[in-house]
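Novice: Mind looking over this structure? Questions follow.
We did not get these values from a lab; they are worked out from the coordinates using the rules stated. Everything quoted here is computed from the prediction, not taken from an experiment. Here the Cβ positions follow ideal geometry from the backbone for every residue, glycine too, while neighbour counts run over all protein chains shown.
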Amino acid sequence: MSNGNEILNDLELEKRIKTMSDRELAEFNVRQTFEISGRCVRHNKRIKALEDGNKAASSITGGITGAVTAIVISIMNYFVNR
C-alpha cells in the first residue's frame, strides 16, 4: 500500500494478491475493511452534522456573502468602465 489513506488501485492490488500467502491476504483484507469502516464512521458524523446544522444561519451568511460580492464586483466594474 502506498500510504494509509489510499486503497490500492486494481493493478497494484492484483500484483500484491498474487504474491501474498493466505495469512497475509487475510490480514490485508482485515486492514482494508477496518480502514473503510473508520472512513464510514467519520463520514457519517460529518453528514449528520451538516444535516443537523442551523439552516437559517447558513442562509443568512450566504446572503450576506452574496451581497458583499455583488457590491465589490459593481464597484470594480464602475472603475474599469470609467
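Novice: Which value at 222 nm does the chain reach when only helices count, each DSSP H run of 4 or more adding -39,500 (n - 2.57), with the total divided by all residues and rounded to the nearest 500 deg cm²/dmol? Could the numbers behind the result be given before it?
Specialist: Working: 3 runs with 68 residues, N = 82.
It lands at -29000 deg cm²/dmol.
Novice: Starting from the Cα gyration tensor of the chain, take the square roots of the eigenvalues, sort them a ≥ b ≥ c, and report rounded, prolate or oblate (rounded when a/c is under 1.5, otherwise prolate if a/b is larger than b/c, else oblate).
Specialist: Numbers: a/c = 8.35, a/b = 2.41, b/c = 3.47.
Since a/c reaches 1.5 but b/c is at least a/b, the shape of the chain is classed as oblate.
Novice: Which lysines have a Cα lying under 30 Å from the Cα of Lys45, excluding residues fewer than 8 positions away in the same chain?
Specialist: Lys55
Novice: List the residue ranges in the chain for DSSP H helices whose C-alpha atoms run 18 angstrom or more along the long axis and whose Kyte-Doolittle average is 1.0 or above.
Specialist: Span-like helices in the chain: 55-81.
Novice: Charges on Cβ only, +1 for Lys and Arg, -1 for Asp and Glu, centred on the Cα centroid of the range 10-81; of Ala49, Val80, Met20, which one is farthest towards the dipole's positive end?
Specialist: Value computed over the given set: Ala49.
Novice: Still on this model: Can you tell me which aspartates and glutamates have their Cα less than 13 Å from the Cα of Lys18? Leave out same-chain residues fewer than eight positions away.
Specialist: Result set, ordered by chain and number: Asp10.
Novice: Compute, for the chain, the length of the dipole vector about the Cα centre, with Cβ point charges of +1 (Lys, Arg) and -1 (Asp, Glu) only. Units Debye, rounded to 20.
Specialist: Working: 12 positive and 10 negative charges, 79 e Å.
Magnitude of the dipole: close to 380 debye.
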